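What follows is a short report on a single structure.
The values are calculated or read from the model by the stated rules, or taken from the named source; none is laboratory data. Treat the numbers as computed from the prediction; the structure is a model and nothing was measured. Cβ placement follows ideal geometry from the backbone for every residue including glycine, while neighbour counts extend to all protein chains displayed. Please note that ligands, DNA and RNA were not included when accessible areas were found on the heavy atoms of the full protein model with its side chains. Shrake-Rupley method; radii C 1.70, N 1.55, O 1.52, S 1.80 Å.
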Amino acid sequence: MEISHAEGMYIYDVNGKSYLDLVAGVSACTLGHSHPKIVESVQQQIQKYAHVMVYGEYVQSPQYRLSKLLVDHLPESLDCTYIVNSGTEAIEGAMKLAKRLTGRKKIISFNNSYHGSTHGALSIMGKETYKTKSRPLLDDCHLIDYNSIEQLSAIDTTTAAVVVEPIQGATGFTVPSTDWLKRLREVCTENGVMLIFDEIQTGFGRTGKLFALETFSVTPDILCIAKGMGGGMPIGCFISSKAHMDKLKENPKLGHITTFGGHPVCCAASLATLTELTENESIISSISKKEQLFRTHLNHPKIKEIRGKGLMLGIELGDADLCQKVVEKGYEVGLITFFFLFTDTAVRISPPLIISEEEIIEACKNINTLLTELS
Ligand SMILES: Cc1ncc(COP(=O)(O)O)c(C=O)c1O
């Protein structure tokens with residue numbers, strides 16, 4: 001499939017065929033494709049200036065305005081941003097910050113977690129298959145079971161950080177209990193451990209709140225975001241308190257540097273996305289109804305379970321072959337779904353948040369028909 005262009009909920013190939021996009025570039029295209037406000041902000045910014053200096057030397061209004069709007073919508077303790085280029089870089093920055101703040105090096109993460117593919121993020125990935133060929137990785141990284149209260153006892157006063165996805169993505173969207181996340185917060189606080197939330201996939205409205213931390217009422221010490229933040233442009237960010245972030249500035253001076261992090265054009269796209277999400281409240285407030293529509297209309301007997309929350313849903317078929325065929329055949333009928341990294345029996349549904357109720361009903365009807373034809 002060679003892309004010609006993409007607009008709203010649809011991607012078009014060079015033969016003029018349209019595809020309803022139920023994936024959003026893996027949760028990245030929050031407002032769909034070529035959203036007029038994002039296009040306009042990118043065009044305006046590129047005409048003014050693109051890259052001018054490394055990081056922080058000059059005031060660049062798209063960076064400043066994006067950071068201000070972000071922290072205005074976050075808990076008070078998350079009041080300082082460091083903008084990077086991707087999700088994995090946000091995780092790298094957060095891990096370095098946690099080590100600086102605690103003077104410790106042990107990092108705990110969870111089996112089946114995915115935090116990115118650079119060496120640091122890979123070191124805390126919860127799947128050995130993807131790590132083996134890249135070893136040696138960081139030492140003192142430990143995995144425990146997600147959503148297990150008992151295993152939280154591994155967190156102690158030698159731990160620098162715990163990195164957690166509020167909803168695990170690569171397993172086909174596993175939602176933990178709120179009690180577990182709250183207990184995780186308590187255990188980290190009791191032991192002086194930095195709690196790092198990886199909201200790279202759950203952020204920017206995907207779960208029905210601007211950030212999943214609101215859904216669970218748990219505030220991390222460091223928040224990582226990316227993907228849907230850019231409205232289709234590459235950007236990421238780690239966020240903590242100003243007092244915490246100041247530690248990266250000295251000893252050594254400029255303790256974390258990125259040439260293109262905070263790129264003004266990407267910041268402009270992200271600012272347009274966040275402005276639309278926060279001003280046009282109906283987008284986020286409609287997510288829970290849209291989730292229910294998917295759950296109601298995806299009613300084929302082959303569907304064993306629908307996991308996830310909001311517009312990050314995993315259709316569990318319990319059958320890798322059927323799953324493969326649904327995704328492949330979907331392209332033939334003009335419907336884009338996708339796979340998950342760590343499971344081959346579930347189909348990914350993570351559309352742009354602007355999907356309409358009619359489009360959801362139509363998409364579900366087509367998936368049910370595919371399941372009947374293919375089983
Ligand atoms: C939860 C989570 N963390 C981190 C990442 C890495 O982000 P990036 O691909 O932008 O490096 C991803 C990407 O899929 C992700 O889903």
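Just name the residue that is nearest to Gly310 (Cα to Cα) out of those in region 208-221 that are open to solvent by 10 Å² or more (accessible area, probe 1.4 Å) and assigned to a loop (DSSP other than H, G, I, E, B).
Only one residue fits best here, namely Gly208.
One line per residue, one yes/no per condition, for (1) within 16 Å of the ligand (Cβ to nearest atom); (2) closer than 25 Å to Asn85 by Cα; (3) touching a residue at least 40 places away in the same chain (Cβ under 8 Å):
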position	(1), (2), (3)
Met125	yes, yes, no
Lys131	yes, yes, no
Ser134	yes, yes, no
Asp139	no, no, no
Ile144	no, no, no
Ser148	no, no, no
Asp156	no, no, no
Thr159	no, no, yes
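Restricting attention to region 222-243, and to residues there that are open to solvent by 50 Å² or more (accessible area, probe 1.4 Å) and either within 18 Å of Lys68 (Cβ to Cβ) or aliphatic (A, V, I, L, M) (or both), which single residue is nearest to the ligand (Cβ to nearest atom)?
Applying the filter and picking the extreme gives Met233.
Go over the candidates Leu298, Leu341, Leu311 one by one and state the one that is crowded, with 21+ Cβ neighbours inside 10 Å and in contact (Cβ under 8 Å) with a residue 40 or more places away in the chain. I'd like the intermediate steps shown before the answer.
Numbers: Leu298 fails: crowded, with 21+ Cβ neighbours inside 10 Å; Leu341 fails: crowded, with 21+ Cβ neighbours inside 10 Å.
The match here is Leu311.
State whether the residues of region 247-258 include one that is under 17 Å from the mean Cα position of the chain (by Cα) and either more than 29 Å from Gln43 (Cα to Cα) or in contact (Cβ under 8 Å) with a residue 12 or more places away in the chain (or both).
Initial filter on region 247-258 (under 17 Å from the mean Cα position of the chain (by Cα)): none.
There is no residue in region 247-258 that is under 17 Å from the mean Cα position of the chain (by Cα) and either more than 29 Å from Gln43 (Cα to Cα) or in contact (Cβ under 8 Å) with a residue 12 or more places away in the chain (or both).
Give me the pairs: first residue in region 7-27 and open to solvent by less than 20 Å² (accessible area, probe 1.4 Å), second residue away from the ligand (no atom under 16 Å from the Cβ) and in a helix (DSSP H, G or I), beta-carbon distance under 8 Å, and six or more apart or on different chains, which are they?
Every condition considered, the pairs that remain are Met9/Glu359; Tyr19/Tyr331; Leu20/Glu359; Leu20/Glu362; Leu20/Ala363; Leu22/Ala363.
Quick check on Leu101: is it over 30 Å from Ala272 (Cα atoms) and in a helix (DSSP H, G or I)? Please lay out each step first, then the result.
Values: over 30 Å from Ala272 (Cα atoms): yes; in a helix (DSSP H, G or I): yes.
Answer is yes for this residue.
Does any residue of region 176-198 turn out to be farther than 18 Å from Ala94 by Cα, touching a helix residue (DSSP H, G or I) at 6+ places or on another chain (Cβ under 8 Å) and within 14 Å of the ligand (Cβ to nearest atom)?
No, region 176-198 contains no residue that is farther than 18 Å from Ala94 by Cα, touching a helix residue (DSSP H, G or I) at 6+ places or on another chain (Cβ under 8 Å) and within 14 Å of the ligand (Cβ to nearest atom).
Given Glu190, Glu165, which one is free of Cβ contacts under 8 Å to residues at least 24 places away in the same chain, acidic (Asp, Glu) and open to solvent by 10 Å² or more (accessible area, probe 1.4 Å)?
Working: Glu165 fails: free of Cβ contacts under 8 Å to residues at least 24 places away in the same chain.
Result: Glu190 is the single residue among Glu190, Glu165 that is free of Cβ contacts under 8 Å to residues at least 24 places away in the same chain, acidic (Asp, Glu) and open to solvent by 10 Å² or more (accessible area, probe 1.4 Å).
Sort through Ser67, Ser77, Ser86 and tell me the only one that's touching a Gly at 6+ places or on another chain (Cβ under 7 Å) and under 24 Å from Thr275 (Cα atoms). Show your work before the answer.
Values: Ser67 fails: touching a Gly at 6+ places or on another chain (Cβ under 7 Å); Ser77 fails: touching a Gly at 6+ places or on another chain (Cβ under 7 Å).
Being touching a Gly at 6+ places or on another chain (Cβ under 7 Å) and under 24 Å from Thr275 (Cα atoms) holds for just one of Ser67, Ser77, Ser86, which is Ser86.
Looking at (1) in contact (Cβ under 8 Å) with a residue 12 or more places away in the chain; (2) closer than 25 Å to Thr278 by Cβ; (3) away from the ligand (no atom under 16 Å from the Cβ), which is the only condition Glu214 fails?
(1)
Can you name every residue in region 161-175 that is more than 11 Å from the ligand (Cβ to nearest atom), over 18 Å from Ile349 (Cα atoms) and in contact with an Asp or Glu (Cβ under 9 Å, 6 or more places away or on another chain)?
Across region 161-175, the qualifying residue is only Ala161.
Give me the strands (runs of 3 or more DSSP E) completely within region 301-375, filtered to those with at least 2 residues that are closer than 22 Å to Asp13 by Cα, ordered by residue number. Explain how you work it out, then say what you get.
Details: elements: 305-309, 312-316, 346-349.
Those strands (runs of 3 or more DSSP E) span 346-349.
Results for (1) of a type in the set (S, T, N, Q); (2) in a helix (DSSP H, G or I), shown as yes or no for each residue.
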residue: Met229; (1), (2): no, yes
residue: Met233; (1), (2): no, no
residue: Phe238; (1), (2): no, no
residue: His244; (1), (2): no, yes
residue: Pro252; (1), (2): no, no
residue: Thr258; (1), (2): yes, no
residue: Gly261; (1), (2): no, no
residue: Cys267; (1), (2): no, yes
residue: Ser270; (1), (2): yes, yes
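Taking the criterion of being surrounded by fewer than 19 Cβ atoms within 10 Å (Cβ to Cβ), free of Cβ contacts under 8 Å to residues at least 60 places away in the same chain and within 16 Å of the ligand (Cβ to nearest atom), would at least one residue in region 92-102 satisfy it?
There is no residue in region 92-102 that is surrounded by fewer than 19 Cβ atoms within 10 Å (Cβ to Cβ), free of Cβ contacts under 8 Å to residues at least 60 places away in the same chain and within 16 Å of the ligand (Cβ to nearest atom).
Mind listing whichever residues of region 164-206 are among the small types (Gly, Ala, Ser) and closer than 19 Å to Ser288 by Cβ?
Here is the first cut: in region 164-206, the ones among the small types (Gly, Ala, Ser) are 169-170, 172, 177, 192, 203, 205.
Passing the criteria: Ser177, Gly203, Gly205.
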